[in-house]
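Chemist: Please find one structure pasted underneath; my questions will follow.
Quick note: the coordinates plus some simple rules give every number you see, no bench work behind them. Because the structure is a prediction, the values reported are computed rather than measured. Every residue, glycine among them, receives a Cβ derived from its backbone with ideal geometry; neighbour counts consider all protein chains shown.
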Amino acid sequence: MKLANRVAIVTGAARGIGLACARRFAEDGAQVLLSDIDGAALAAAVALLAGEGHTVAGHVADVSQRADVEALVAAAVARFGRLDIMLNNAGIAQVKPFLTVTEADFDTVIGVNLKGAFFGVQVAAAAMIAGGRPGVIINMSSINSRMANPDVTTYAISKGGLNQVTGTAAVALAPHGIRVVGIGPGTIMTDMLKAGFMHDDASRRMILSRTPAGRCGEPHEVAAVAAFLASDDASYMTGQTVYPDGGRMILNYTVPVVE
Ligand SMILES: NC(=O)c1ccc[n+]([C@@H]2O[C@H](COP(=O)([O-])OP(=O)(O)OC[C@H]3O[C@@H](n4cnc5c(N)ncnc54)[C@H](O)[C@@H]3O)[C@@H](O)[C@H]2O)c1
């Protein structure tokens, strides 16, 4: 129970990677406030984890609105007494060729993925400092933070910026005993993947031809990394983004796809 007596917030926790992280944090002993913009799916997720015997609650918030993020952090402190772990996981993908991206497209993706996470870090850190306790803040980045895919320009830009949020916040918050780290997953089997990145057989083949592990990752495999980073096992890690990606980023050629 490496997260016993810890209080965690997970944004975008109604499904996918966020739900898996919330479950894993709870399995490791944390009390978890799940948050999402989708109230119905959030209620179902909270009921699911509560039914498994975990100490969880739900709070609806749109991370692109700073006031929502403030209310979310306040809700965790009000409900569980403090905040130890903040996982800025909520994100949206947008598949659109570079030359067709509009101002509204740009603002929407940057608003959720970059602005949302920035204020998630800032507001969570303020609560941790006010509570006089150390803490851990984790930002859910992507391999797209480092690779240039012009079909997901806004997404890639947002995640590249997010890595700098992680780095700059790590330096700013180290004197307060707060670690800030990132996770950059490769291709993980979630709704986002099916809707955005792997929508047909051609995209499936393209992704798998560049994935040495020969398969997509599962949300629980990202959650295991999040649990490690949130725990004292990672006590000397801050400022880095680590990549559970099945070998995607080190590959310098393509591999045969097993049918
Ligand atoms: N699935 C992948 O292959 C993959 C790879 C790399 C990174 N990621 C990142 O992991 C995170 C989770 O991805 P996922 O695949 O589980 O996605 P998902 O679409 O399955 O789930 C995302 C959740 O975020 C919520 N959300 C969206 N906008 C929000 C907002 N403004 N405020 C609060 N909640 C909001 C959605 O309602 C949804 O429940 C994202 O940041 C994503 O960029 C995913």
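Chemist: Considering only the stretch 104-144, state which residues are crowded, with 24+ Cβ neighbours inside 10 Å, over 16 Å from ILE85 (Cβ atoms) and touching a Leu at 6+ places or on another chain (Cβ under 9 Å).
Modeler: If the condition is that a residue be crowded, with 24+ Cβ neighbours inside 10 Å, over 16 Å from ILE85 (Cβ atoms) and touching a Leu at 6+ places or on another chain (Cβ under 9 Å), then ASN113, SER141, SER142 are the ones that fit.
Chemist: If you scan the stretch 1-41, which residues turn out to be touching a Gly at 6+ places or on another chain (Cβ under 8 Å), without any contact (Cβ under 8 Å) to a residue 60 or more places away in the chain and either surrounded by 23 or more Cβ atoms within 10 Å (Cβ to Cβ) or of a type in the set (D, E, K, R) (or both)?
Modeler: Across the stretch 1-41, the qualifying residues are LEU33, LEU34, SER35, ASP36.
Chemist: Another question, if that's okay. Restricting attention to the stretch 1-20, report how many residues are under 13 Å from SER231 (Cα atoms) and in contact with a strand residue (DSSP E or B) (Cβ under 8 Å, 6 or more places away or on another chain).
Modeler: First pass over the stretch 1-20, keeping only residues under 13 Å from SER231 (Cα atoms): 1-8.
Going one step further and asking which of them are in contact with a strand residue (DSSP E or B) (Cβ under 8 Å, 6 or more places away or on another chain), we end up with 3, 6-8.
So the count comes out to 4.
Chemist: Any residue at all in the stretch 125-145 that's without any contact (Cβ under 8 Å) to a residue 60 or more places away in the chain, within 19 Å of PHE197 (Cβ to Cβ), out of contact with any Gly (no Cβ under 6 Å at 6 or more places or on another chain) and of a type in the set (Ser, Thr, Tyr)?
Modeler: At the first step, the residues of the stretch 125-145 found to be without any contact (Cβ under 8 Å) to a residue 60 or more places away in the chain are 125-135, 137, 142, 144.
Applying the additional criterion that residues be within 19 Å of PHE197 (Cβ to Cβ) yields 142, 144.
Applying the additional criterion that residues be out of contact with any Gly (no Cβ under 6 Å at 6 or more places or on another chain) yields 144.
Restricting the remaining residues to those that are of a type in the set (Ser, Thr, Tyr) gives none.
Looking for residues that are without any contact (Cβ under 8 Å) to a residue 60 or more places away in the chain, within 19 Å of PHE197 (Cβ to Cβ), out of contact with any Gly (no Cβ under 6 Å at 6 or more places or on another chain) and of a type in the set (Ser, Thr, Tyr), one finds none in the stretch 125-145, hence no.
Chemist: Just to confirm my filter: which helices (runs of 4 or more DSSP H) fall fully inside the stretch 151-259 and include at least 3 residues that are without any contact (Cβ under 8 Å) to a residue 24 or more places away in the chain? Step through it out loud before you land on a result.
Modeler: Working: elements: 153-173, 201-208, 219-230.
The qualifying helices (runs of 4 or more DSSP H) are 153-173, 201-208.
Chemist: Among the residues of the stretch 86-125, how many are among the polar types (S, T, N, Q), away from the ligand (no atom under 11 Å from the Cβ) and within 18 Å of VAL136 (Cα to Cα)?
Modeler: Adding up the residues that qualify gives 1.
Chemist: Given the criteria part of a strand (DSSP E or B), under 24 Å from ILE92 (Cα atoms) and either of a type in the set (A, V, I, L, M) or within 11 Å of the ligand (Cβ to nearest atom) (or both), does VAL69 qualify? Please lay out each step first, then the result.
Modeler: Details: part of a strand (DSSP E or B): no; under 24 Å from ILE92 (Cα atoms): yes; either of a type in the set (A, V, I, L, M) or within 11 Å of the ligand (Cβ to nearest atom) (or both): yes.
Judged against the criteria, VAL69 is not a match.
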